[in-house]
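Trainee: Attaching a single structure in structure tokens format; questions to follow.
The values are calculated or read from the model by the stated rules, or taken from the named source; none is laboratory data. Predicted model, so just to flag it, every value in this text is computed and none were measured. Note that we place each Cβ from the backbone using ideal geometry, even for glycine, and neighbour counts take in every protein chain shown. Quick note on the areas: whole protein, heavy atoms, side chains included, nothing else; ligands and nucleic acids left out. Shrake-Rupley method; radii C 1.70, N 1.55, O 1.52, S 1.80 Å.
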Amino acid sequence: MIQHERFSIGIGCSSRACSDDVIRLIEASVDQIPSGTMIATLDRRASIGEIVASKLGLRLVLFPASILASVAGVTAHSPLALSKTGTANVAEASALVSLGPSARLIAPQTKGRFCTCAVAALPITVRP
């Protein structure tokens with residue numbers, strides 16, 4: 001058996017954030033982005049997510065606030081995010097939900113200029 005992990009970087013951002021803000025935060029938070037890693041975020045932030053994903057060469061997945069609000073395992077809760085988006089955490093929830101219920105946070109939410117990011121992992125076992 002071969003074991004490895006899949007990764008997802010969840011991002012959250014205000015309307016004042018630009019793609020460079022998000023990319024700088026990701027690069028400061030993640031030493032190396034393994035092949036197959038995806039970017040995940042709130043569907044209302046699709047335009048900035050598309051730019052970030054394109055610049056980093058990653059696949060983008062989007063989720064509505066109603067899905068993100070129900071994700072278990074989120075460690076940070078923001079009343080401001082809840083009032084603006086309908087979910088108390090976008091970055092952690094996006095990273096977790098994009099990988100499924102067995103995912104776990106390996107890098108909780110970090111804050112940057114008008115944005116946040118978090119990283120989740122999903123262990124995978126491959127049988128030869």
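For (1) of a type in the set (Ser, Thr, Tyr); (2) out of contact with any Asp or Glu (no Cβ under 6 Å at 6 or more places or on another chain); (3) touching a residue at least 24 places away in the same chain (Cβ under 8 Å); (4) part of a strand (DSSP E or B), each residue gets a yes or a no:
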site: GLU92; (1), (2), (3), (4): no, yes, yes, no
site: VAL97; (1), (2), (3), (4): no, yes, yes, no
site: SER102; (1), (2), (3), (4): yes, yes, no, no
site: THR110; (1), (2), (3), (4): yes, yes, yes, yes
site: THR116; (1), (2), (3), (4): yes, yes, yes, yes
site: ALA120; (1), (2), (3), (4): no, yes, yes, yes
site: PRO123; (1), (2), (3), (4): no, no, yes, yes
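Trainee: Let me ask something additional. Which one is farthest from the chain's Cα centre (by Cα), of the residues in the stretch 101-124 that are open to solvent by less than 50 Å² (accessible area, probe 1.4 Å) and among the β-branched types (Val, Ile, Thr)?
Mentor: The selected residue is ILE124.
Trainee: Now a separate question. Among the residues of the stretch 89-96, is there at least one that is open to solvent by 20 Å² or more (accessible area, probe 1.4 Å), within 20 Å of ALA28 (Cα to Cα) and out of contact with any Leu (no Cβ under 7 Å at 6 or more places or on another chain)?
Mentor: No, the stretch 89-96 contains no residue that is open to solvent by 20 Å² or more (accessible area, probe 1.4 Å), within 20 Å of ALA28 (Cα to Cα) and out of contact with any Leu (no Cβ under 7 Å at 6 or more places or on another chain).
Trainee: Among the residues of the stretch 44-75, write down those that are surrounded by fewer than 16 Cβ atoms within 10 Å (Cβ to Cβ) and of a type in the set (D, E, K, R).
Mentor: Across the stretch 44-75, the qualifying residues are GLU50, LYS55, ARG59.
Trainee: Another question, then. What do you reckon, is LEU80 among the aliphatic types (A, V, I, L, M) and exposed (fewer than 13 other Cβ atoms within 10 Å of the Cβ)?
Mentor: Yes.
Trainee: Sticking with this one: Have a look at SER83, SER98 and point out the one that is more than 13 Å from the chain's Cα centre (by Cα) and not aromatic (Phe, Trp, Tyr).
Mentor: Step by step, each of SER83, SER98 is checked, and only SER83 is more than 13 Å from the chain's Cα centre (by Cα) and not aromatic (Phe, Trp, Tyr).
Trainee: Got a sec? Which helices (runs of 4 or more DSSP H) wholly within the stretch 27-85 have at least 1 residues that are over 19 Å from PHE114 (Cα atoms) and among the aromatic types (Phe, Trp, Tyr)?
Mentor: none
Trainee: Anything in the stretch 20-36 that is open to solvent by less than 10 Å² (accessible area, probe 1.4 Å) and within 23 Å of VAL71 (Cα to Cα)? List them, or say none.
Mentor: Of everything in the stretch 20-36, those that are open to solvent by less than 10 Å² (accessible area, probe 1.4 Å) and within 23 Å of VAL71 (Cα to Cα) turn out to be VAL22, ILE26.
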